[in-house]
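The values are calculated or read from the model by the stated rules, or taken from the named source; none is laboratory data. Nothing here was measured: the structure is a model prediction, and the numbers come from that model. Cβ atoms come from the backbone with ideal geometry, glycine included; neighbour counts cover every protein chain shown. For accessibility, only protein heavy atoms count, side chains too; no ligands or nucleic acids. Shrake-Rupley method; radii C 1.70, N 1.55, O 1.52, S 1.80 Å.
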Amino acid sequence: MAASRLPPATLTLKQFLRRQQVLLLYRRILQAIRQVPNDSDRKYLKDWAREEFKRNKSATEEDTIRMMITQGNMQLKELEKTLALAKPQL
């Protein structure tokens with residue numbers, strides 16, 4: 001019997017791709033938060049985002065993860081819309 005060369009915690013391709021989606025969403029949220037003009041609001045949103053991702057870090061159910069990614073993308077779009085409206089028009 002040949003032993004597998006992969007470590008026991010190796011991700012499947014599907015898990016790897018989902019992980020990449022989550023990391024991209026996290027980076028995009030942090031980039032949007034950087035545009036918030038008020039320091040205290042920016043800190044609050046950054047802490048909130050970090051806590052949400054940490055809280056859901058252990059999720060393994062595929063449907064749950066997909067739903068959370070969808071919700072995160074919707075929240076990101078709302079934040080981007082709010083920031084666009086808040087920018088002064090020249």
Any idea of the accessible area per residue across segment 41-88, 1.4 Å probe, to the nearest Å²? 81 Å²
Largest to smallest accessible area among 18, 42 [probe 1.4 Å]: 42, 18
How high is the relative contact order of the chain, in percent, with contacts defined as C-alpha pairs under 8 Å that are six or more residues apart? 35 percent
In the chain, what percent of the accessible surface is made up of carbon and sulfur (1.4 Å probe, ligands and nucleic acids excluded)? 58 percent
Any chance you could list the semi-axes, whole Å, largest first, of the equivalent ellipsoid that the Cα gyration tensor gives for segment 40-82, using √(5λ)? 21, 15, 4
Which shape class applies to segment 14-57: rounded if a/c is under 1.5, otherwise prolate when a/b exceeds b/c and oblate if not, where a ≥ b ≥ c are the square roots of the Cα gyration tensor eigenvalues? oblate
Kindly write out, for segment 48-62 in residue order, the coupling ³J(HN,Hα) from the Karplus curve 6.51 cos²θ - 1.76 cosθ + 1.60 (θ = phi - 60°), rounded to whole Hz, with x marking Gly and Pro. 4, 4, 4, 5, 4, 5, 5, 4, 9, 4, 8, 5, 10, 5, 4
Taking the Cα centre of the chain as the origin, how large is its charge dipole in debye, to the nearest 20, when only Lys and Arg (+1) and Asp and Glu (-1) carry charge on their Cβ atoms? 320 debye
The orientation-averaged projected area of the Cα convex hull of the chain, in nm², is 7.8 nm²
In what sequence, highest mean first, do 9-15, 73-79 appear when ranked by Cβ atoms within 10 angstrom? 73-79, 9-15
